[in-house]
Every structure is written in C-alpha cells, then in structure tokens.
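Reviewing the structure listed below.
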Amino acid sequence: MRRESGGRVDRSRTLRFRFDGQDYTGHPGDTLASALLAGGVRQVATSVKLGRPRGIFSAGSEEPNAVVQIEEPFPEPMLPATTVELYDGLVASSLPGQGRLATGPDPARYDAVHAHCDVLVVGAGPAGLAAARAAASTGARVILADEQPEPGGGLLGAWPADVVEGLLGAEWATATAAHLKALPEVRVLARTTVFGYYDDNYLVAVERRTNHLGAAAPAHVARERIWRIRARHVVLATGTHERPIAFAGNDLPGVMLAGSARTYLNRYGVLPGRRAVVFTADDSAYAAAFDLADAGVRVAAILDVRPSPGEALAREVAKRGIVLLAGHVVTAAQGDGQVASVQAGRHRPEADPAVAEHAFDADLLLVSGGWNPVVHLFSQSGGRLRFDETLGTLVPGDSRQAVEVAGAARGVDTLSGCLADGAAAGERALGGQAAAAAPPPVDVPTAGGQAFWLVPASDYAAHFVDMQRDVTVADLHRATGAGLRSVEHIKRYTTAGTAHDQGKTSGLLTTAAVAHALGERMGELGITTFRAPYLPVSFAALAGRDRGPLHDPVRVTALHDWHVANGALFENVGHWKRPWYYQRVLADGRLEDMETAVLRECRAAREGVAMMDASTLGKIDVIGPDAGEFLDRLYTNLMSSLAVGSIRYGVMCRPDGMVFDDGTVIRLAEDHFLLTTTTGNAAAVLDWMEEWLQTEWPSLRVYCTSVTEQWATVALVGPRSREVLAGLAPGLAVSTADFPFMTWREAEVAGIPARVCRISFSGELAFEINVTSWEVSRLWTAIMDSGMVTPYGTETMHVLRAEKGYPIVGQDTDGTVTPQDLGMSWVVSKKKADFIGKRSFSRADTVRAGRKQLVGLLPEDPDFLLPEGTQLVSTDVPATVGTVRGGAPPRTVPTLGHVTSSYRSAALGRTFALALVSGGQSRLGERLYAPVGDALVPVTVTSHVLYDPEGTRRDG
Amino acid sequence: MMLLIPCPWCGPRDEAEFHYGGQAHVAYPENPAALSDEEWARYLFFRDNPKGAFAERWSHSAGCRRWFNALRDTATNEIHAVYRVGEPRPVTS
Amino acid sequence: MTPRTPGADLPEHPDRLWSAAEPKASYDVVIVGAGGHGLATAYYLAKNHGITNVAVLERGWLAGGNMARNTTIIRSNYLWDESAGIYEHALKLWEDLEEELDYPLLFSQRGVLNLAHSLQDVRDSKRRVEANKLNGVDAEWLDPKQVKEVCPIVDISPDVRYPVLGATFQPRAGIAKHDHVAWGFARAAAALGVEFIEHCEVTGLRVTGGRVTGVDTPRGTIAAGRVALCAAGHTSVVAATAGIGLPLQSHPLQALVSELLEPVHPTVVMSNAVHVYVSQAHKGELVMGAGIDAANSYRQRGAFHIIERQMAAALELFPVFARAHVLRTWGGVVDVSPDASPIVGLAPVEGLYLNCGWGTGGFKATPGVGWCFAHTIAHGEPHPLNAPFSLDRFVTGALVDEHGAAAVAH
C-alpha cells in the first residue's frame, strides 16, 4: 500500500490505469510494479509451465517474474512491470509466459543516431555520475547514459538518507546531472539502456523517448531511438543485481529481493507487505529490514544464514524488537497463491536437509543472497570475468578494449567507495589507460557476505532457480543425473536462463546449484556467455527508419514522372524503377493487359518506331594512356583495336571463365572510352575495374568514373527511327553510309547537344541518343511530339532481344555460363595472350561435351507459352514426386536444362523461348519435353536466333 | 565485429564504410597459360584462412574508394597495421 | 492452476544421455568435432558399418558450436541435382529420425516458403520448383495470395519496397530442435560404443608417409586409423596442421530470438532478396537468421549493423513483428566454400576425410551427411551422393554453384 509521504512519486497528480480488467491509480514517478504493489496486487503473472502464481520479485530490469502484456495504447508483449513507467490510460494484463503481438501496424516512429565521444559512462549512479563529472571537468566529450528516468541509481533506493557533498543523495544526483547537462560537450541520456558492446568500443543503446507518455506521446517524435556510439573510452558503472536464494516455495508472490523492497519503500513510497521475514546471507538486507520496520512494517524475524552477524547490526535489530535467528535458513515459504507463512530452521553447512523449527506468519519474505556485479556489458566487450571466491560471484578481469568498470559493478559496496572509484575511473579514462591499469577498488568489499545460494533439502522440486522458465533445483539434478556436466548443457537440458530475463538473477544461482550437486567449486564450472542485448530491444527500434520506401534506396531516371503520367508499370531492377510496359486505356475504357501492351509495343518497334528510356544502363568513363590495354585485360575480346568513333560489344568474365557482365564500349578518343554495363551490375563492374587497377595493375595509367547519373539515354528503335531522328537532328547525316552501324556521332538533337550511337539491342535499325540528364525530358518530349513514336518498357526490350537471341546476363546466365555456352565464341579473342577468365576455358569442366548451351525452343503448339523456369527432359514419361512418406521412392528424371526466357512474339506470330540445354547446339531440330503442371509439352530445339538471322534489318 | 578501421588515406572509419577483399598478396599469375589446372585452381579458389594474424584487403568503398591492406587478428579482430597496396606485409611483434 | 501455455511443455529429455570419456591411446576412427555432423557420422559409422571403436573429439562442449547456434531450418529444395540428392536423402532420414533415435526431436514439417521479390526471383524460383519435381522433391510455386494463405502475417501488398511476387513452398520442410538432435545422435552413438571426449582440442594431425596416423591434443596424442574432420569453421585450422590448404573462408554468422509469443507464424519464411529467414519455434519464440559478415573472423560475434538491417527487412515482410523484442543474439563461425556447396570426401592425405564448407546450411543435412560421410570413411571412397562434392571439383571446374543462380542481377 502507498504511504502518506516519502518517496519520489508526485502525489499531486493521479494516473489511472487498468490491470487485468481492474482499475487502479498511481502517480508520476511510479512504475507499473510499484503502482500494482500500492494497489495491493500480489499476483502479476502466471508461470509458463507449471501455471504457478508469480508476483513482483525485484524493482528493476532484472525482474524474472512480473512480466506483463501492454494492451493499450498499443499492444506490446512481455515487459517487466518493474520497467514500465506508469502513464495515464495504461492498460496491461498478466501473462502466462507468452506475449501477444498486435495484429495491426505499429503507428510509432523509430530512428537512430550516430554519436562519438571521448568517454561513455554507462550508469548514472554514484560511480557513474562521479566518473562523468571527472571526465567532463577537462572539457572532454562525454556521454552519460542511464536506463532510469532520473539519475541516481542506488541513491534513489538503497542510500536514500546518505549525504553527498552536503546534499541528500538523490538531490546530489539531480544537481550533478544538471551540472553535466549544462556543459557543452556533455550529453546526458535518461531512459537509455546501453545493450550491446562490440569491437573497437562501439556500443549500442536504446533511448525510450515517448513510451512513458502513453497515448499523449507526440506522433512526430520517435518512440525509441537507437544510439550507435563510438567511444574512445568506456566507464561501466552498471551497479549490481541482488542474488536470490533457492528454497522451497521461493517463487511465491510475496518473496522479494530485500534491496528491491527497500527501493519500493524509499523511492516509490510503497510498502510491499505488512508483515515481513528477512532471509539473508548479507548485511545489506538489515538496512532493508530497518527501513521497513521504521516505516511500520512488522518485521517478524531476520534469518541470517551466517553464524554471527556483527554486533552493531545485532544492536540495531534489538533496538527494533526484531527476532534475529543467526545461522538459520528458510526451509519453506508457504501460502495459497502468496506467502502466508515462513518456516525456518538451523542451517547445517554439511548439507543435511534443514528442518523446520520455527514458523512465522508473513506476507512478505525478503531475500538477499548478496550482490552480483552487473558484468554483462563488460563480458560483451571481450573482457574476461573472474570468479571471486570471497564475493562468491563474477567480477570483471581485464579487457582488450579501452574500458573499465567502476563502483558496485566491480564489487565496491559503499557509497563513498563508489564515488571515489567512479571519479578515479573518469580521470583515468582521459588518460586513455586500459582497464588493466586500474588500481584495485579503493574500498575493499566489507559486506562480510557469505556466498550462500540454496537451502539444502531432501526434495528440491519447489526450489526454483529460474522462475520464468519454471526450472527447479530438482530439474538441475535430473540434468546432472543424465550425465551432463557442462553448465551450457544443463542450461539447455532444463532451459534455465533462456527466458525473458536471460538469467539475470538465475544464472549464477543455476551454476551454484549445479556446483552443489556435483560437489565442485563454482569457479571451476565456468559460466555461460553474456550476449547482446542486455535487455530486450524492440524489432522496430532496430529497424529504425529503414522501413517502407526508405528500406532501400529507390533510383529513378530523369524521365520517371513522364513514365508515371503515361501509364507505365514499373519493374525493380537493382535499385532502379524501370518502366516495365505502358498500359493504355482501351476504347471501351478498360486498361490494356500486359500481353496486349507488349505485343503492341513490339509491333511498333519492328514495324514503325518506338523508344525506351535506357538511362539506367551503367556508364563508366575510362580515360588514360593505358585505357585500351586495361580494357583488353578485362573484356574477352579486343578493345584496344577499336577505332575512335566506333563501338564494340564486349563481355567480361570472372577469372573462373563465367560471364560476369556485358555491354558496349565506345571509343571517344585515343585515350578515352565510355562503356556501358547492365543496369543491376553498374556498381559491381566499377568496383571490379577499380580493384584490378589498384591491386593488380597499379602501373596502368587509367581512371574510371561512373557517369551513369550524368548521361540519360533514349533508345530510338525501328525501321522509321532514322526518319524521326533526321527530323530532330537536321545537322546529322543519318544514312547508313554516313552513319554506319556501331559508330557514334555528336550532334544536336532537338537542339540539345547529344552523342548518338548506332547500337541495336533489337536487331532493328536503332539509335541510342545520349544527352545530359538535365535535358532528357525535353528530348523525350520532342520525340513524342513527332507523333510517330511508341514508348516501350523492359518487357518489350526483352522480347525484341530474345527474338534475336541476345542473352540477358542474369536471366539467360546464372554464374555457371561461359561466353561459348551462349554461342558467343566470336566474342572470345584468340589473339590476346590473356584476359580475365581465359585460363579457365581450358579446364576439364569448361571443355566438357554436354555443357548447357543457349538454344531457342519452339513449342509444337505455337500458342503455348512455356513458363520461364520450366525444366526440359528427353523422355515423355513423367517424374513422380516423392511426397508420400513411406511410399515407393520417387523416380527422378535427369534434367537437360531449363527455359530462361519465354515470350509471345508478334514478329514470329507464335510463342518461343530461350533455354540452356545440355549439348544444346548439337540438338538443333531435336524434340524435347517440358513438364508443365501435369502435362509434358513437346518442344523443338532451334537456333537461339529466331528473328532475322541474316541481320538484314539493322540498317533499316 | 563493428570495427573501426584506420584507412591509410582517411583515418579511422566505421567498418560499414568498407568493402572486404579477402587475403592480400595473392598476385594474378604472370602467365596463367603456363599453369597446370591444379595451380590455376589454387589461384582461383584457395585462400589462407588462418585463426590469427591475417594480411587482408579492404576497400574504403564509401569513402576514398582506395584499396589497402590490413594485418588483422581473426581470433580477436584487432587490426595491428594497415598499409598501402604494394607495400610488404609489416612485421609485427 | 491456470492452463499451461502452448508450447511450454517441451518433451522432456531422457534420464540418461551420455558420459564423458577419457581418451584412449588409439581408435579405429577419430572424428574431429562433436557437432551435429560429427555425432551423426559417429552414429552411422557404428550403426551402418559396425565401426564402434570411435572417438569424437570436441574442443568445447558437445554440440556447442554451430549445432547450438543455427536456426534449425530443414529443407531439400535445392536447385542442382547434386544438392537435391544429398539434402533429400537427409530429409527422408529426418522423417524417421525420432523413431530411429528414440528421441523427441520436435521435427515439425510445417513447410518452408522461399519468397520471390523481383521478376528474376520469380524465374529462378520457378526454375527451382521444376527442378525439384524432377528430383522427387516436393515443391510448389505459390502466388502472393497463396503465400498469404500459408502464412497470413506476410505483407503481400504491392506498394512495399520489394513486394512479394510469390514463393516456392516445400510442405515437407520444417524445423527441429537442434540440441535434441545432437543429443539424440550422441545418446544413440554412445549406446553403440562411441566415445565423446569434450574439452579436447585437436592441435595437430599426425601424418606419416602420406597417411594419417593420429591427432595431437593437449591431453596427448591419440592414434587413429582414420581421421574424419567435422570441424566446421575451424576446419582450415586443423587441416593446416597437416599442410593441407582448403578453399574455405570462415565468417561470423548471426542469429537471434525474440521472447515467447503466442503462435502467429505457422511456417518458415526465407527471403534471399531481403535477407530474412524466420520461424516461430515450439515455445513461441521467433527465431531469425541474419546475414554473414563479409570479413573472415573466428570470433563468434557479428557486426551489429547486420542485425539492424535484418530487423528492417523482417518488418518489411512482417509488420506485426514491430514490437516483438530481440532477446538474445549470437554468432557462429561458418566455413564457406567458393560455390556455397560442401566438400565431403577424400583428402590429399590417406586416411583423412573431409566434411566442411557447409556454410550457412549444415544443420538440415545432419542425418544425410552423417550417413554418407560414414560410408565414405568406412569404404575409403565417397558414397554416390557425396561424390559430386569432392575437393577435386575446384580443379576441374565442376562446381555445384548454389549461389550462382541468384548472384547476378540484370
């Protein structure tokens, strides 16, 4: 219940929320957990496997139990109630171990920020604040990140009455943070959890920016932000987690970590119970007992496993009239759905089962097995952890990275010690010293704690180690009984440590229980690895803004708007949006289907004139005295012999002899070439050229520059293309004699300076007109204004080139195809001593008969369109697919190849296809079968050049 | 991973700016035609894969676009040295 | 008591698994690496070939490498005949493996969707489906609507950056629980006499006169008639001790899981184009694989931007995942070959056998490769199903290029 006063909540304001259908209230400064405790809620969740009631066990992000589902304002699964800041209108419900996703899209925004700093301090408790202040005092760039909404760490709960520099601890924290915030080079990030620590001091944090505002969160502010921080030096002041103890019934609601109970009282003004028993192996729980007793909680007894707690403590206990049973343990917590009574007995260190000798009525059982430094990030940094036998826990050792650990996170357990340790770490950070240089803690641990993990018993079925996964000590015994010795195996056998909390409180307890069972020392068993993230991070935060249209860059040409306005549908090619075909409105108002549109576009190109936006072709400018030599080494054919003013088609192979890319090379001057690449490969080809130039042939004097974006290209295609061009470029001699195939001219086209190339990817008379991207719109419009020209898209381009047997790299090739396989031996130079790929052509497999070769296919039914990807077989006996379990083994049928391209051809008046077929060139005229659905479609193998094999049309 | 790679031309930059190029110092053979199929296969497909010091190529592809070499420990990801193409592999202790 | 949460009741492991052994002076066969492949190989050596004087040596804990780190996807819908052969053999073994090993493997044939996002993806996908059918592998091409029927949470709207244009579907594909698989093989092999020696790293191969004679370990030299490498990412390191270079590069590969969630994802979805593969495991966690790091590394730790990229891609396909949380990320070290296909067969040293280069795809092959590799070791020559995966293919050029088919854009 809520106290009248005390704590850091703002009682002047009331927040309404709903949990499991019941309405409750709380205050700003509450977590859902503190507000539930204030509202008297004991059971907050149900265990996943055994269905046991579970309450609130801690007050922080280590919470293993109280995991809830947020329902409103937007569903979010599996949040520890101890980490949910209360807001007005929050609706949450208890969970039986599984969360629930929303069914609709998340309306929130997310983003990410890169940050660099001299010192990153993680944790704004006393050590962290002192470290940040020391580092910042020199003007260094400092980032201080803390997961809580306000700074202070332990000062908010554990050390509420301590005075630092004349101020109460929490006030000192607020003042120090304010001082830091005012410094120009310091950034203080609240509600920010550093969750990942990668190489070279790269750390990743998530800032929860609007979660705590609920429905009032402004839509334009990112809900969560990822901080990608590169720090010269890191100070980890990540504090500690209190250790649980395993005993019978230790999972009941009402069992709580002692320090957490203290936090509920001191920070939230909430009493987590009325009648308490304290079970401890550590001095710190006494402070919790005293705080609670002083606040009116009836503390029935303190059971201290140690034989003789200190005299000072005993005096304080006596002063409050609390029963102190030294050398005693809890033998069982009992109750129906929550703690009602606590059984206790003498601790017998020889591992005999303890016997209940006392019983106390209690609704709250505080537990402290001591404290574990939070070493997760340090371990992630690559730092070595050491098992400290005195502390009975893991402490940071050395790390290769520029990091050190300060304060409680390395075992310092007094406030003054943490302040001094933090300040020293902050100063050292600026010196850039490695962690190894850090002196031992100024304050040697004095808690006088005794590592104590579990109460020996004859039956361990209710000694829980992992309350999220319902794993008991008995389960661990079953695992060791099965022969397992490695903690990793035992974890996997039992699933301990795999839940939402990733074993923050259960990990070492598991190791301790296993060590106990095997009679080994904890330090020898080893530990499981700490992995990122330290706390669960939402998918959406990690995705950030790379969603929807921003998921990957979209590249469009300078003519894109025209294409959109004129009915183009688009195809994704690499990052580009390319017009696929243009859909016209038919006379009856319906839209053309794709087949009709493509046939129309094809007919225009073959019979009249058509044009395509070819601007996406990669364009690389190659200049230098050795440019010709360089291209000779890259292309399979000879390029240095190309005359200035001429153009040559070329193929590039990888060193393994397989086709990598193709395109045209035009020679602009003796030392100057411009080459084109396929759209999707433009960047890869430039990378390829630069790699060879820089790493293999640095002596070649050549520079390569991408000019893809600078030049826009319009392909004007068809028997009447010359006529259109002549009309727009009166100064250009366009006759075949004046402007032969595979040459280029400079001219003004529609008044725009242009480079016009006589290149054809369709077999028709064609011109590629290149102008600057700025002016292409004017050129395009001028051509359209001729009234003769039909725009076409990539699909028509594909049909036209396929009719001519021109392969598309990536469609008719797949990384296993040589130029020879494509029927292009003519493009492979016999003269050159070497070029990339040449040596591979003489390997056993590349000279093998029966390689797959590009051929044409004509379905015997001229109206049948083979699906692309269809396989080809020589038999008309169908294969049987072996889907029936236990049935006869399927008969497999060897494939001869597959259909790479398949179209309906206006020019041929029928369907046709290109295919890669084993020994294809020697099968011309042969009948093969294509399994399509349940049918075997007979096809005839032909040459891959089906249209105008004599090349009569290219000059118009 | 998430390395901070000291580009010899630009200074330390985030790993995401770089393109990896595998083992360094694997020269294109002088005369491929003179090689046996086995020797050619070695060039094509076989690269060292040590656990420890590895001389490797990087390209600062989103920066100066220059290739350079690095000596990195593949067991720890520590970069011991970076050096320019054509320079010999540095001797490190 | 509240009703138990679906999936909370994973079947219990048996009361008895295996016992750690101390190394003997010699064995007929020493297997290097107690991952899934090493364990399956040991089992089939004993079961199919009666070779039981076998030790499996492991540098860490049994099945603690990639076997413990993969995303457990099982499928056989590979493009090339050679791949389909060995993966389909594996899938058939998977279908009877729970019975064979008498172990609950949580083998769930919930199907695998491989999404297509571009017209070329569609062509490649259909090509693979048709090739699968000829190889007796169940495969279907689904249009976007059918994809939605199989997996209702996939966003098939056409206005996303890379719309789903369809998918291949292999209904017999699915997932299994990796630890259970490893332990099932280990327990069954142990029962046949195979010994497992953990924390026993092989630091050297002993070779005399071109023939392997044993292995060096920190716990002494162990003589062996035959030595079989199943060391995944560390294969190069072990092979190098005998002067053997292999066409392998080791890279970190990351994966991650979410918290436990109510069932939303009934199948397995893979997308090469946007680099996502995701399933929802039995307990309810989303299991996702990320891309591999480009740079060689033996640290089981990948770069964080790969995870961020992965999440962005996942949300493109599955907007409902937005507020799921990443609970844990981890990395393995995978050995990648030039053609993305494994190397399974003889080594340049007599008595030494290679099983490596599985890259990102080794788990699904576990029983199949165990079967074939055991045959190879027992007979001194490859099983017909792994014969195409010889080391020699890099000399002849007869690669089994599984990534080539999707590697080039136009």
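Table for the structure above
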{"item": "Furthest towards positive pole of dipole, A:Val41, A:Thr781, A:His463, structure part chain A, Cβ charges", "result": "A:His463"}
{"item": "Segment A:217-354: C-alpha gyration tensor shape, a/c 1.5 cut-off, then a/b vs b/c", "result": "prolate"}
{"item": "Probe 1.4 Å, protein heavy atoms only - accessible area per residue of chain C in square angstrom", "result": "29"}
{"item": "Spherically averaged projected area of segment A:677-767 from its Cα convex hull (nm²)", "result": "7.5"}
{"item": "Cβ-derived FRET efficiency at R0 30 Å, C:Ser19 paired with C:Asn53, nearest 0.05", "result": "0.95"}
{"item": "Prolate/oblate/rounded call for segment A:594-667, Cα gyration tensor, a/c under 1.5 rounded", "result": "prolate"}
{"item": "Integer Hz, Karplus 6.51/-1.76/1.60 couplings in order for segment C:380-396, x for Gly and Pro", "result": "x, 8, x, 5, x, 6, 9, 4, x, 9, 6, 5, 5, 5, 6, 7, 6"}
{"item": "Burial ranking of peptide ranges A:58-64, A:457-463 (average Cβ count within 10 Å, highest at the top)", "result": "A:58-64, A:457-463"}
{"item": "Distance from segment A:632-660 to segment B:24-79 (C-alpha centre basis), Å", "result": "25"}
{"item": "Derived scalar couplings ³J(HN,Hα) [segment A:373-390; Karplus, 6.51 cos²θ - 1.76 cosθ + 1.60; whole Hz; x for Gly, Pro]", "result": "x, 7, 9, 4, 5, 4, 5, 4, 5, x, x, 7, 9, 10, 8, 8, 5, 5"}
{"item": "10 Å-binned pair-distance histogram of segment A:850-956 (Cα, whole percent)", "result": "15, 43, 27, 11, 3, 1, 0"}
{"item": "Spacing of the two label points (7 Å from each Cα toward its C-beta) at A:Ala737 and C:Glu12, in nm", "result": "9.9"}
{"item": "Bins of 5 Å, starting at 0 and running to the largest distance - Cα pair percent for segment B:4-84", "result": "3, 14, 23, 19, 15, 12, 8, 5, 1"}
{"item": "J(HN,Hα) series, segment A:695-711, from Karplus relation 6.51 cos²θ - 1.76 cosθ + 1.60, nearest Hz, glycine and proline x", "result": "9, 10, 10, x, 6, 6, 8, 9, 10, 10, 9, 6, 10, 4, 6, 6, 9"}
{"item": "Net charge over other residues, Cβ less than 13 angstrom from the Cβ of A:Gly382 (K, R count +1; D, E count -1)", "result": "0"}
{"item": "Accessible-area value, A:Phe841, 1.4 Å probe, nucleic acids and ligands omitted, Å²", "result": "30"}
{"item": "Long-range Cα-Cα pairs in segment A:713-764 (distance over 15 Å), rounded percent", "result": "41"}
{"item": "Alpha-carbon spread of chain C, three principal axes, descending order, Å", "result": "65, 62, 39"}
{"item": "Whole-number percent relative contact order across chain A, with pairs defined as alpha carbons under 8 Å at least 6 apart", "result": "9"}
{"item": "Average other protein chain Cβ within 10 Å of Cβ, residues A:861-871", "result": "4"}
{"item": "On Cα atoms only, tilt of C:119-134 relative to the major axis of chain C in degrees", "result": "50"}
{"item": "Distant-in-sequence amide H partners of A:Thr31 (H built 1.01 Å from N, under 5 Å)", "result": "A:Leu86"}
{"item": "For segment A:342-360 versus segment C:99-126, the gap between their alpha-carbon centres in whole angstrom", "result": "56"}
{"item": "Over the protein assembly as shown: Kirkwood hydrodynamic radius from C-alpha pairwise inverse distances, Å", "result": "34.9"}
{"item": "Pairwise FRET efficiency - A:Asp593 versus B:Ser36, Cβ, R0 = 41 Å, nearest 0.05", "result": "0.10"}
{"item": "Gyration tensor verdict on segment A:618-706 (Cα atoms; rounded if a/c is under 1.5, prolate if a/b is larger than b/c, oblate otherwise)", "result": "rounded"}
{"item": "Of the GluC sites (Glu not before Pro) in segment B:29-93, those whose Cβ has at most 14 other Cβ within 10 Å and which sit in DSSP loop", "result": "B:Glu30"}
{"item": "Using a Förster distance of 41 Å, the FRET efficiency for A:Ala312-A:Leu518 (Cβ separation, nearest 0.05)", "result": "0.60"}
{"item": "Under 5 Å, built H, 5+ apart or other chain: amide partners of A:Leu95", "result": "A:Thr46, A:Gln69"}
{"item": "Value of relative contact order over segment A:110-205, rounded to a whole percent, pairs C-alpha under 8 Å and six or more apart", "result": "28"}
{"item": "Nearest-10 value in Å² for the accessible area of A:Arg843, using the 1.4 Å probe", "result": "10"}
{"item": "Accessible surface of C:Ser19 - all protein chains present, 1.4 Å probe, nearest 10 Å²", "result": "70"}
{"item": "Amide H within-cut-off set for C:Thr217, under 5 Å, with H built and near neighbours excluded", "result": "C:Thr203, C:Ile222"}
{"item": "Segment A:607-626 and segment C:194-246: distance between their alpha carbon centers, rounded to Å", "result": "56"}
{"item": "Contact order relative to length of segment A:850-956, as percent, for alpha carbon pairs under 8 angstrom and 6 or more apart", "result": "39"}
{"item": "Space enclosed by the convex hull of the alpha-carbon atoms of segment A:1-104, per residue, Å³", "result": "94"}
{"item": "Principal axes of segment A:457-520: Cα extent on each, largest first, Å", "result": "28, 23, 17"}
{"item": "Candidate residues A:Leu36, A:Leu569: accessible-area rank, largest first, probe 1.4 Å", "result": "A:Leu569, A:Leu36"}
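The values are calculated or read from the model by the stated rules, or taken from the named source; none is laboratory data. Please read all numbers here as calculations on a predicted model, not as lab measurements. Ideal geometry is used to build each Cβ from the backbone, glycine not excepted, and the neighbour counts take in all protein chains shown. Side chains included, ligands, DNA and RNA excluded: accessible areas come from the protein's heavy atoms. Shrake-Rupley method; radii C 1.70, N 1.55, O 1.52, S 1.80 Å.
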